[in-house]
Amino acid sequence: MTETTSAPATTETVEEFAARAAAWLADNMPRIDPNDPPEHDRGEEEPWLRARELQRKLWDGGFAGICFPKEYGGLGLPIEYQRAFNAVSREYELPIILNTPTFTICAATLLDTASEEQKRKHIPAVLRGDEVLVQLLSEPSGGSDLAGVITRADRKDGKWVINGAKTWSTSAFAADYGLMLARTNWDVPKHEGLTMFLVPINSPGITLRRIKQVNGSVEFCEEFFDNLELTDDDVVGEVNDGWAVASRQLYHERRAVGGGSEFASGVGAEGKSDVPTDYAELLEKTGQADNERLQEMAGRALVHRAVREQLIDHVYHGVLDGSLPPAAGSIIRIAHADVHHLEFDTALAITASAGVVDADDELIRHGERYLSRQAAALGGGTTEIARNIIGERILGFPREYAADRGVPFKDVKRGRS
């Protein structure tokens, strides 16, 4: 658990805080029409501008960064206060798309690893809605081997010169800065020669392109670095110790993907396509309300949904009190993927062909969502990687054999070499 979750005592009880938040929300934030929730396509510019606007409202109202420390613009309160805010804010439009990766991954990582100057500069800007942060980690040839990055940062004339490429960067087109992992030493094993940089996305030397997915979304991006120049002020953590920063980043990502982060700016669906399935309504709409087999399938999905929520709470407090190691965030990550798959499979089983060809938008959206089914098994590292982490770091199983362990990275065979 990040060290920043401890908070000073407050004279306002959770109940008083919730009541004050509810009153403020009613006067200041737009209510969501349950029959027509806002459609926030993460691949478009407008939702990001809207999210920045809403985040600024939270900042001005004193409800931004509830669990972020006071010295960096937050309220410095325990997670119970964030959960109380979540409970009273569900009916209102919030900047949910800023949660991942800006708040729950990148800003949380800066809290743990950045310099004091970097934290004081960027975290308040994030909480005001002035900055959006993203991750620049995956590479075209890297797969799940994050430590095997070949984007290089060479020291020249007192600056760092970056050359290489990143891919599958979530919402990078809408961002101001990206946390980018690059190789600064090729003469040591792969985990030891990495450095993390905080990169301005609009810098000369960066070419950004959209990636179109099978469902039509263009949320993800790829970036090409051609002699991008950075300074020592852009280094997060220590030079050649970037794996420590990346490890902390992955820890926050696995918690965020499963919904276990205290740094989210509210909870709920990002838009119509993200609203949890109402199985009773879906069975009724498809004329199958009396189908016992489908009722059982829907009930199973709802039970798994409820168990996941309880698991998030259990793991969060287990890591906080030390009964579970920080790697237990991978348990949440796997549970999220498993429940995600079960829910999508169940919805498509109920809608059947109507989820693919029906003219009813409420039915066909289940088929459209199914196209991104596997995303839950990839985000935050693959499910296979998460299972390895649980086996090795929680259960104490022996580490898997790795041919490149302890070998200078320049001597590691890559591709067809």
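Per residue, the solvent-accessible area of the range 150-209 (1.4 Å probe, heavy atoms of protein chains only, all protein chains present) comes to 39 Å². Using a probe radius of 1.4 angstrom, the carbon and sulfur fraction of the accessible surface of the range 135-251 is 46%. Label-to-label distance for ALA375 and LEU302 is 2.6 nm, based on points extended 7 Å past Cα in the beta-carbon direction. Taken over the C-alpha atoms, the range 46-185 has Rg and Dmax values of 16.9, 55 angstrom. In a fully extended conformation the segment linking THR11 and ILE394 would gain 134.1 nm over its present Cα-Cα distance, using 0.36 nm per residue. At full extension, ASP278 and HIS317 could sit 11.1 nm farther apart than now, given 0.36 nm per residue minus the alpha carbon distance.
Remark: spin-label model distance ALA349-ALA19 equals 4.7 nm, labels positioned 7 Å along the Cα→Cβ axis. The ellipsoid that matches the Cα gyration tensor of the range 276-394 has semi-axes, each √(5λ) in whole angstrom, of 33, 16, 10, with the longest given first. D for the range 205-338, whole µm²/s, Stokes-Einstein with Kirkwood Rh over alpha-carbon pairs at 37 °C and 0.692 mPa s: what number? The calculation lands on 173 µm²/s. Bins of 10 Å, beginning at zero and ending with the bin holding the largest distance: percent of Cα pairs per bin for the range 135-251, please. For the range 135-251, the binned pair fractions read 15, 49, 30, 6, 0 percent.
A DSSP coil position with no more than 14 other Cβ atoms inside 10 Å describes the following chymotrypsin sites (Phe, Trp or Tyr not before Pro) in the range 330-417: TYR401. What you get for the chain, charging only the Cβ of Lys and Arg (+1) and of Asp and Glu (-1), is a dipole of about 1260 debye around the Cα centre. Full extension of the chain segment joining GLU46 with ASN240 gains 66.0 nm, where the gain is 0.36 nm per residue of separation less the Cα-Cα distance. Accessible surface for the range 276-394, divided over its residues, is 52 Å² per residue with a 1.4 Å probe. Two tests apply to each whole DSSP H helix in the chain, Cα reach of 27 Å or more along its axis and mean Kyte-Doolittle hydropathy of at least 0.5, and the ones passing both are 329-351. With no solvent and one equal point scatterer placed on each C-alpha of the chain, evaluate the Debye formula and give log10 I(q)/I(0) for q = 0.11 Å⁻¹, two decimals. So the normalised log intensities work out to -0.88. Applying 1/(1 + (r/R0)^6) with R0 = 25 Å to the Cβ-Cβ distance of ASP60 and GLU117 gives a FRET efficiency near 0.50.
The values are calculated or read from the model by the stated rules, or taken from the named source; none is laboratory data. This structure is a prediction, so every number in the text was calculated from the model and none was measured. Cβ: placed from backbone, ideal geometry, glycine included. Neighbour counts: every protein chain shown. When the accessible area is computed, the model is the full protein with side chains, heavy atoms only, and any ligands, DNA or RNA have been set aside. Shrake-Rupley method; radii C 1.70, N 1.55, O 1.52, S 1.80 Å.
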